[in-house]
1. Given a Förster radius of 25 Å and the C-beta distance between A:ASP132 and A:GLU191 as r, what FRET efficiency does 1/(1 + (r/R0)^6) yield to the nearest 0.05?
2. Which value, in debye to the nearest 20, describes the size of the charge dipole of the protein assembly as shown about its Cα centre when Lys and Arg Cβ atoms bear +1, Asp and Glu Cβ atoms bear -1, and nothing else is charged?
3. Ignoring GluC sites (Glu not before Pro) that are buried or in helix or strand per DSSP, and keeping those with at most 14 other beta carbon atoms within 10 Å, what is the longest stretch of chain B between them?
4. Based solely on its DSSP helices, what 222 nm [θ] is calculated for chain B when runs of n ≥ 4 H residues each add -39,500 (n - 2.57) and the sum is averaged over all residues, nearest 500 deg cm²/dmol?
5. Go through the cysteines of chain A and tell me which have no other cysteine Cβ under 4.7 Å away.
6. For the pair B:TRP41/B:THR302, report the inter-label distance in nm, with labels modelled 7 Å from Cα in the Cβ direction.
7. Residue by residue, what Karplus-based ³J(HN,Hα) values in Hz, rounded to whole numbers, does the range B:272-281 have, using 6.51, -1.76 and 1.60 with θ = phi - 60° and x for Gly and Pro?
8. Calculated from DSSP H runs of 4 or more alone, at -39500 (n - 2.57) each and per residue, what is the 222 nm mean residue ellipticity of chain A, nearest 500?
Amino acid sequence: MKDKNAKRYGMVIDLDKCTGCGSCMVGCYSENNVPFKADETNKLDSINWIRVYKITNNKTYPNTEVCYLPMPCMQCDGAHEGHSPCVSVCPAVATDYDYDTGIVSQIYTRCFGCRYCMAACPYHARKFNWWDPVWPADMEKYLSPNVSPRMRGVVEKCSFCFHRYQLARDKAYLEKREELEENEYQTACAEACPTGAITFGDLNNKHHAVYKLKNSPRAFRLLERLNTNPKVYYLTSKSWVRKAGDNYLAHEEPTKIKNNIKEHH
Amino acid sequence: MNETPLIPAGVKRCSKWQFSLWMAVVTAVLLWGVYAMYLIWYKGLNQTNMNDAYGFALWIWADLAVIALGGGAFFSGFLTYIVGKNELKNIINLAVVIGFICYSSALLILAIDIGQPLRGWFIFWHANVHSMLTEVAFCLSCYFAVLTIEFIPLILENPKLDKKPFWHHLSHNMHGIMAIFAATGVFLSFFHQGSLGGVAGVLYGRPFAFREHIFIWPFTFFLFTWSAAAYGPCFTILVTKITEMITRKKLVKDSAIHLFAKISGWMIITYIIAKSIDTIYWAFVTAPGMGFTLMDFYASSTYNIGLLFAEIVICGFIPGLILITKRGRENSFLLMSAIILGVIGVSLNRWVMVLQVMAVPVFSFNEWYTYMPSWQEVATTVLPVAYGLIVISLAHRYLPVFPQEKELNPID
């Protein structure tokens, strides 16, 4: 049941500011106990909750342009709220949509590893634990106690650092407050970004930075035409970057395409 | 000629040594698969060549393919017990045995294909009623139970068991109520065959797989049920012909084969027309709405437009047209060609609806994904084939699978 005070947490990533340094990935790995392999050459079986893609305009020098595109889980709403591509297909309700925050969760101890959610996700945001997590010597002592490490054979993905939301809610409760301040709940990647390219907050709250940013003329979402209705927005001033974020027929212009799906407020 | 009292009276079987040698060879293949299965259960899915882009691969194709090929069981049950095509009673036993093999294999493959096999029961316990996979799991398990019930009376007809009055009467009474189970099987099959089509069709994040809906069911839901009913009989006829070839005797009269082939032909023709309409709508309406042209989906050297042509024309219209014509059915070369093309056609359809869905890049900046199965995946996919050969060999040797065998092959 949706609360009338429900939040709709989302993210705005300014691609004009992203330098591709990868701090967001490092911050995420350490915050969320994301396991890694001794050899990470094969990216198709690496686990990362946010991955920085490098895309180019496919032009030769000196017209080559590069853009770094950090991609966490898009926390899709779908055509109607809660109908995310992955949530609707999971046969065991191991992934769920939280109507209070709009965050798509993953219940590791419920997941039995059928990987249907991975097939459903067009963003490849979901990763499978092909191996048992192995940590280098003594590193287990430095794992975050707030996030449970995952076992072999289950799917995991970005949770918008949901444990941070829970901690902030606990603190607010003890202080007899209903609402969280914008800076009380921030994701690790947003905090780690040295250029301030990642902004996080409640997309429905007019006082949060993301509210204003998502309405910028530079704003767009990835694969919007699939009606996934993501809660991660991107900002770019480059038309080729915007075009790369979705699929268009030869005669189509990204800015002139009308989307069937409206945001949920 | 009976070597043991286990062999039905009035029929001729190969020698014990010949049979044992054949069983040893097939069992060796089976054990290879069992070893691979052990490795996967013990070490995990890292034994496969699947990856995060290719989360569904060879096994899911094998699942979908064996369930479609096993569709001859529910469709022959429907035709025999509900429509009243009594001629098909001469082939229905084999259809049930094939169905039993296919569905037990599908369940086994599903058990291998999950990351946490010990949690497999969660699909029933924590069922998400909105998931097509949940519907598949429930209907598949229930239908496997129905197939087991349908198989039991045939097992009880083994001469040794049939001598015991209890088993004899049980078998007789089960035969009497078989129409109820056949109807239940048809009902369950409609849903699980459809749900398997729905598994791909509901993936609205995957433009290659996604199809428009009628209520909650994507078009693939109906196409999968239809194609299983259409092509399943081809596989039943193919196995009959292979068995006849190996045993060097006629086991089913042409009248039954031709009737089954004719019905299959009409089902294939109507299915392939529906499939063509679905493809045209998808190519010209659904996909462009998502920013894709048809050729975007076939822009790979492996997954080129030839596959679509092969599926619809070579393995669709051609076998369908052969089987609906009397001359085509009665010409053994054309009949064999049609049923083989049919079996390839439905397997190809299931292949593209699993593996091509994974291969097609959704982002314009991604490349096509490639995948080559590991030997463990191949071995565990061959395992059900070996298991099927063992079950069919045992069933043929010890059970009266073909009611017309005695009449067609009288022995002194």
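1. Values: r = 30 Å, r/R0 = 1.18.
It comes out at approximately 0.25.
2. 1040 debye
3. Answer from the scan: B:4-211.
4. On the way: 17 runs with 262 residues, N = 412.
Rounded to the nearest 500, it is -21000 deg cm²/dmol.
5. Flagged as lacking a Cys partner: A:CYS18, A:CYS21, A:CYS28, A:CYS67, A:CYS76, A:CYS90, A:CYS111, A:CYS114, A:CYS121, A:CYS161, A:CYS193.
6. Each label point lies 7 Å from its Cα, and together they span 2.9 nm.
7. Running phi through 6.51 cos²θ - 1.76 cosθ + 1.60 with θ = phi - 60° gives 6, 5, 4, 5, 5, 5, 4, 5, 5, 4 Hz.
8. Values: 7 runs with 49 residues, N = 265.
So the helix-based figure for chain A works out to -4500 deg cm²/dmol.
Bear in mind that the values in this text are calculations on the coordinates, not laboratory data. Values in this document were obtained by computation on a predicted structure and should not be read as measured data. Neighbour counts are summed over all protein chains in view; Cβ atoms, including those assigned to glycine, are modelled from backbone coordinates with ideal geometry.
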